[in-house]
Amino acid sequence: MSRASQERRLRIRAATEEDLPRVVRLDEEAFPTAPYPYFVLRQLLASFPDFVFVVDMGEELGGYVLSTPPDAARSWILSLGISPPLQRQGLGRQLMTRILGHLRTRGVHRVTLSVEPRNDTAIALYRSLGFAPDPGGPRPDYFGPGEDRLLMTLAL
């Protein structure tokens, strides 16, 4: 499928309960070594239904983004997953732009996320959107032993 026909067929929309199996499959493809467990994605979708967006490509999902609702004008991006064959085609930027705009309309002034410190592609995307890395650098063992993460923050 050409990129032009892909752009015509895809749309970014709020996720629904019916999307859960496809979000789980997409998460497993995007993060094969550490996907969210099914029950976690179910609970996040149920708890934050207005803060999960998907790229709907018809039969499949091309990506998803999950954030927390505002808490004292702050929010977290918990996950951005893009189907591996569709990576580096701008879907991540489109999803991030959509969720950041949504958060801004909900009164969020500060958004934080964590990223694997060697994920140069994701870090470059987040920097291009205005996120700044934590001045202390990557946090060792942030998600457990050997699971370092770089925190990045954006002021909206």
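Accessible area of R127 (1.4 Å probe, protein heavy atoms only, ligands and nucleic acids ignored): about 140 Å². The alpha carbons of segment 64-106 occupy a box of 37, 16, 10 Å along the principal axes, longest dimension given first. Excluding ligands, DNA and RNA, the accessible surface per residue across the chain is 54 Å² with a 1.4 Å probe. Helix 20-30 and the long axis of the chain differ in direction by around 60°, with both axes built from C-alpha atoms.
In the chain, helices alone account for a calculated mean residue ellipticity at 222 nm of -10000 deg cm²/dmol, with every DSSP H run of four or more residues adding -39,500 (n - 2.57).
Would any residue of segment 108-128 have its amide N under 14 Å from a label point 7 Å out along Cα→Cβ of R74? List them or say none. Label zone hits: 108-114. Evaluate the relative contact order of segment 1-113 (contact order divided by residue number), counting alpha-carbon pairs under 8 angstrom at least 6 apart; express in whole percent. For segment 1-113, the relative contact order is 25 percent. Relative to the dominant Cα principal axis of the chain, helix 91-105 is inclined by about 70°. Here segment 18-156 yields Rg over Rh of 0.94, to two decimals, using C-alpha coordinates and the Kirkwood radius. Label positions at A155 and S47, each projected 7 Å from the Cα along the C-beta direction, are separated by 2.9 nm. The packing ranking of peptides 130-137, 90-97, highest mean first, is 90-97, 130-137, where packing means the average number of other beta carbon atoms within 10 angstrom of each residue. H109 contributes an accessible area of around 110 Å² to the protein surface, as traced by a 1.4 Å probe with all chains present.
Wrap a convex hull around the Cα atoms of segment 80-125, take a quarter of its surface area, and give that in square nanometres. Answer in nm², one decimal: 3.6. Taking the 1.4 Å solvent-accessible surface of the chain as the whole, the part contributed by carbon and sulfur is 52%. Taking all Cα pairs closer than 8 Å and separated by 6 or more residues, the relative contact order of segment 49-120 comes to 31 percent.
The values are calculated or read from the model by the stated rules, or taken from the named source; none is laboratory data. Keep in mind that what you see is a predicted model, and the values were worked out from it rather than measured. Heads up, the Cβs are rebuilt from the backbone with ideal geometry, glycines too, and the neighbour counts pull from every protein chain shown. When the accessible area is computed, the model is the full protein with side chains, heavy atoms only, and any ligands, DNA or RNA have been set aside. Shrake-Rupley method; radii C 1.70, N 1.55, O 1.52, S 1.80 Å.
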